[in-house]
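Written below as structure tokens is the structure these notes are about.
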Amino acid sequence: MSMRENLANEAVGAIVARNFSSATVFAKLGIDFCCHGDTLLKDACEDAGVSVEEVLKALEQPVTDTISQHAEFSTWPVDLLIDYVLKIHHRGIRQKGPEILALLEKVVEVHGDAHPELHEVKDLFVASLEDLSSHLIKEEEVLFPYLLELFEASERKKPIAQMHCGTVENPIRVMRMEHEGEGERYLYMAKLTNDYTAPEGACNSYKLVYAQLKGFMHGLFEHIHLENNIIFPAAVELERMWVH
């Protein structure tokens, strides 16, 4: 089997975990690498309506416009990944979300009659911020503290007791379901807004809030990718090795 055939038969989440710059290619071509990271590339291409050949060629090109800073996330230890998620993504959601919503409400007030889709965009974003608030608390107060205990156990090479949820896979399953819901919400918002593109003649505030929403979505997708495709699989393996 050739290298290209190997890549076509690899899960998209694994491809991004190994080389995060590929996330930019997938995002541009509409390939879901975060919520459905276990999908094989060839199947993900079919779902997105693009050819495998087109995607493989794009992956071979140097990437100049990246969602992230080419961090080699797959080489990071679990505790560093969790710290990054908490300080970059959780903090970012709490800081940027209300700021974006305040601007979005002003844009809806001025342009909502001429562009009724803005009302739905605002309602979706409000619902997202509410759901994300609950989601972040569950990660911070339930899942991540135990994952850090697992990591410490692996460092000390001493087994620890099973999680109170029975297995770490139980809260992970819930987090994955919530991730999928958020991913679908933002992809739907992208369709509503022509990929967050303000209409011709839109004011600067209109353009800015759509750019902010798109940036928020990209940050959220990186967040989901790191958890679904790197942190969660590592946690399951650590539990297998260090829980007695």
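Taking the full set of protein chains and a 1.4 angstrom probe, give the accessible area of SER74 in square angstrom, rounded to the nearest 10.
Here the residue's solvent-accessible area equals roughly 60 Å².
Roughly how many debye, to the nearest 20, is the charge dipole of the chain about its Cα centre, given +1 on each Lys and Arg Cβ, -1 on each Asp and Glu Cβ, and no other charges?
The dipole magnitude comes to about 520 debye.
Heavy-atom accessible area of LYS87 with all protein chains present, probe 1.4 Å, nearest 10 Å²?
Accessible area of LYS87: about 100 Å².
Would you mind getting the accessible area per residue of the chain, heavy atoms of the protein chains only, 1.4 Å probe, in Å²? Walk me through the numbers on the way to the answer.
Values: 12620 Å² over 244 residues.
For the chain, the solvent-accessible area averages 52 Å² per residue.
Considering amide H positions built from the backbone, and no H for Pro or chain starts, which residues 5 or more places from VAL243, or on another chain, come under 5 Å of its amide H?
Sorted by chain and number, the residues that satisfy this are ILE160.
Against the longest alpha carbon principal axis of the chain, how many degrees, from 0 to 90 and to the nearest 10, is the axis of helix 169-192 turned?
Rounded to the nearest ten degrees, it is 20.
Keeping the other protein chains in place, figure out the carbon and sulfur percent of the accessible area of the chain, with a 1.4 Å probe. Mind dumping the intermediate values first?
Working: 6650 of 12620 Å².
C and S fraction of accessible area: 53 percent.
Can you work out D for the stretch 1-145 in µm² s⁻¹ from Stokes-Einstein, where Rh is the Kirkwood radius over C-alpha pairs, the temperature is 37 °C and the viscosity is 0.692 mPa s?
Numbers: Rh = 17.8 Å.
This corresponds to a translational diffusion coefficient of 184 µm²/s.
Could you state the principal axis extents of the C-alpha atoms in the stretch 172-244, from the largest down, to the nearest angstrom?
The Cα atoms of the stretch 172-244 stretch 63, 17, 12 Å along the principal axes, largest first.
Which GluC sites (Glu not before Pro) does the stretch 188-244 hold that lie in a coil by DSSP with at most 10 other beta carbons within 10 Å? Display every interim value, and only then the final one.
Numbers: sites: GLU200, GLU222, GLU227, GLU237, GLU239; in loops: GLU200.
Those satisfying the criteria are GLU200.
Which ³J(HN,Hα) values, rounded to whole Hz and listed in residue order, are derived for the stretch 15-26 from phi using the Karplus coefficients 6.51, -1.76 and 1.60 in 6.51 cos²θ - 1.76 cosθ + 1.60 with θ = phi - 60°, glycine and proline given as x?
Running phi through 6.51 cos²θ - 1.76 cosθ + 1.60 with θ = phi - 60° gives 5, 5, 4, 6, 9, 5, 4, 5, 4, 5, 4, 4 Hz.
From largest accessible area down, sort THR24, THR197; use a 1.4 Å probe on the protein chains.
Largest to smallest exposure gives the sequence THR197, THR24.
If you take every residue apart from SER128 with its C-beta less than 9 Å away from the C-beta of SER128, what net charge results, scoring Lys and Arg +1 and Asp and Glu -1? Write out the running numbers ahead of the final one.
Values: positive: ARG185; negative: GLU130, ASP131, GLU182.
With Lys, Arg at +1 and Asp, Glu at -1, the net is -2.
What share of all Cα pairs of the chain, in percent, falls into each consecutive 10 Å distance bin?
Spelled out per bin, shortest first, that is 7, 29, 32, 23, 8, 2, 0.
Sequence-distant or interchain residues sharing an amide H contact under 5 Å with MET163, placed H: which?
Those lying under 5 Å, H to H, from MET163 are VAL168.
Per DSSP H run of at least 4 residues, take -39500 (n - 2.57); add these up for the chain, divide by its residues and hand me the 222 nm value, nearest 500 deg cm²/dmol.
Working: 12 runs with 158 residues, N = 244.
Counting only the DSSP helices, I get -20500 deg cm²/dmol.
Can you run phi through the Karplus equation (6.51, -1.76, 1.60; θ = phi - 60°) for the stretch 109-121 and list ³J(HN,Hα) in whole Hz, with x for Gly and Pro?
Listing the rounded values in order: 4, 7, 10, x, 5, 7, 10, x, 4, 4, 4, 5, 4 Hz.
How much accessible area does VAL110 have with a 1.4 Å probe, in Å² rounded to the nearest 10?
VAL110 exposes around 110 Å² with every protein chain in place.
The values are calculated or read from the model by the stated rules, or taken from the named source; none is laboratory data. In this text the structure is predicted, and so the values were computed from the model without any measurement. Quick reminder, even Gly has a Cβ in these numbers, built from the backbone with ideal geometry, and neighbours come from all protein chains shown. Only protein heavy atoms, including side chains, enter the accessible area calculation; ligands, DNA and RNA are left aside. Shrake-Rupley method; radii C 1.70, N 1.55, O 1.52, S 1.80 Å.
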